[in-house]
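Computed from the coordinates by the stated procedures, all read-outs in this text should not be read as laboratory data. Quantities reported herein were computed from a predicted structural model and do not represent experimental measurements. Here Cβ is always computed from backbone atoms with ideal geometry, including for glycine, and neighbour counts include all displayed protein chains.
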Amino acid sequence: MLLPEELEIRSLGPCTIPSPLLRLHGVGFVDDANRIRLEHRIGPHVEEEGASFEEAGPRREIYFNPARTTAAVVTCGGLSPGLNNVIRSVFSELAYNYEIPRVLGVRDGYMGLNPDSGLNTVELTSSFVDHIHDLGGTVLGSSRGPQDPAVIVDTMVREAIDILFCVGGDGTQRGALAISDEAQRRGLDKAIVGIPKTIDNDIPFVYTSFGYYTALEMAQEVLRGAHVEARCAPNGIGLVKLMGRNAGYIAAGASLASQDANFVLIPEVPFRLEGEDGFLAALERRILTKRHALVVVAEGAGQDLMMADSIRRDASGNILHQDIGLFLREEIKRYFKSRNIEINLKYIDPSYIIRSVPANSSDRILSDQMARMAVHAAMAGKTGMMIGYIHNELIHVPIRASVSREKKVDTASDLWTAVMRGTGQPVW
């Protein structure tokens, strides 16, 4: 249960400067008192006064004087469709609407804020960002791994950076929180604002993250091809591994989009390999009756089935999983060979392909909205927060509240229920 104090947004101080947006027509200014409830349902088990978040949007008065403000944007972690759209929209809102004279881009993630890296910031201009929204990846580069927040704050002081926009997932937002805390400890007027990014769609208080629907489009095309391969061969099996380290949103969503999957395996639902009720026996029954099958597995599924000598982590601190795709490929081959059943197995791993493409139209819109809302929040002096997205509303979320929780597929939700009905797979 969330306490009201957990959702309070830290502010650098009172807002006393009239917003430059006042010169524009039709701006819907938002007051800090505007709240969006976390729980939107009405029922006997719902508190009448539940948790709520500040509504995102432009404020009539702001904290920073635009003429004296420098902002920077950094992209961290893995790639996601829409990163360049975020960079472009952050620049556009700052430069054109708030008329900030200096906007910087940080090279290669947080590494670019450490002078030991030898990387220099780049000044963003209209010509620099002109066509970047049509490209995949990030024109600023990205990297994983933490950097000393004290060193980053030193760089912000030296470069006179007042606002830092941190675009990334869970690890990036933890880093943003550490930077914000360090700046606060020193009593510095530095606004640190997060823009959540993950195609896994697993950041709490972000119903949909930008890049997710583009990833689904790419993934469902892969599933369609794997399904064709399976149908066109005797006892054909298509096995596709999709991204989803801790949450199975891509596997579930792509399977619903394609309507071709017969088994969807995700981290949230443990499954058995052996036995009458196990996955392999269920796959055999499918092959013997339908003569083809499409299996979709998220990268974080079935980790308990594989023995590992020790836990390994990547530079961002994420657990490096064993390869469930290769494991299942060999187990399926072994099982059917032991049953004297000849199969035609095609294994496909499109992991990095689905995240490196340009964003589709829906993700372009969402990335633009999140970027502009982040700018509004920062100009109002809000810090240690990120942009969230619930009930089709953009909100202010304290980073501390987000990183202290996990977002996973709710196996009682309509999403997973639809997957189960669409595949007809056993309930493990």
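Working ranking of peptides 374-380, 23-29, 69-75 by packing, defined as the average number of other Cβ atoms within 10 Å per residue, highest first, is 374-380, 69-75, 23-29. Taking the centroid of alpha carbons for each part, region 61-95 and region 350-398 are 11 Å apart. Projected label points at L24 and E406, each 7 Å from Cα along the beta carbon direction, are separated by 4.0 nanometres.
Which pairs, out of K333/K407; K241/K337; K290/K333; K197/K241, put more than 30 Å between their alpha-carbon atoms?
Working: K333/K407 34 Å; K241/K337 22 Å; K290/K333 18 Å; K197/K241 21 Å.
Table pairs above 30 Å Cα-Cα are K333/K407.
Return the loop-located GluC sites (Glu not before Pro) in region 42-146 (DSSP other than H, G, I, E, B) with at most 15 other Cβ atoms within 10 Å of their own Cβ; answer none if there are none. Of the GluC sites (Glu not before Pro), the ones in loops of region 42-146 whose Cβ has at most 15 other Cβ atoms within 10 Å are E47, E48, E49, E99. Counting other Cβ atoms within 10 Å, which chymotrypsin sites (Phe, Trp or Tyr not before Pro) in region 324-382 have at most 10 and lie in a DSSP loop? Filter output for region 324-382: Y352. With K and R counted +1 and D and E -1, the other residues having a Cβ less than 11 Å from that of E330 yield a net charge of +2. Here the peptides 170-177, 248-255 are ranked by packing, the mean other Cβ count within 10 Å, and the order with the highest first is 248-255, 170-177. Going from the fewest other Cβ atoms within 10 Å to the most, the residues D134, D363, D116, D148 appear in the order D116, D134, D148, D363.
Extension gain for the segment L2 to R231, taken as residue separation times 0.36 nm less the Cα-Cα distance, is 77.5 nm to one decimal. Taking amide H atoms as placed 1.01 Å from N in the peptide plane, the amide H of L294 lies under 5 Å from those of G238, N262, F263, each 5 or more residues away in sequence or on another chain. Here, the chain has an Rg and a Dmax of 23.5, 78 Å when only alpha carbons are counted. Rounded to the nearest 10 degrees, the angle from helix 212-231 to the longest Cα principal axis of the chain is 10 degrees. Between amide H atoms placed 1.01 Å from N, distances below 5 Å from A72 occur with L104, I163, L164, F165, all of them 5 or more places distant or on a separate chain. Counting neighbouring Cβ atoms within 10 Å and putting the fewest first, the residues S92, S413 line up as S413, S92. For region 212-355, the alpha carbon positions stretch 44, 36, 20 Å along the principal axes, listed from largest to smallest. Against the chain, whose longest principal axis is taken from its Cα atoms, helix 170-185 shows a tilt of about 20°.
Counting neighbouring beta carbons within 10 Å and listing from fewest to most, the residues L328, L283 come out as L283, L328.
Per DSSP helix of 4 or more residues, -39500 (n - 2.57); summed, then divided by the residues of the chain. What does that give at 222 nm, rounded to the nearest 500? Don't skip to the end; give the middle numbers.
On the way: 11 runs with 131 residues, N = 428.
So the helix-based figure for the chain works out to -9500 deg cm²/dmol.
Residues whose amide H comes within less than 5 Å of that of G194, counting only those at least five positions distant or on another chain, are C166, M385, M386, I387 (H built at 1.01 Å from N in the peptide plane). Looking at region 328-392, the pairs of alpha carbons with a distance over 14 Å make up 75% of the total. Considering only DSSP beta bridges whose two residues both sit in the chain, what percent are antiparallel, to the nearest 5? Rounded to the nearest five, the antiparallel share is 35 percent.
In plain terms, the bigger the Kirkwood radius, the slower the diffusion; for region 186-251, with that radius from Cα pairs, at 37 °C and 0.692 mPa s, Stokes-Einstein puts D at 226 µm²/s.
With q set to 0.09, 0.11, 0.18 Å⁻¹, the log10 of I(q)/I(0) for region 1-123, from the Debye formula over equal scatterers at the Cα positions, is -0.40, -0.59, -1.13.
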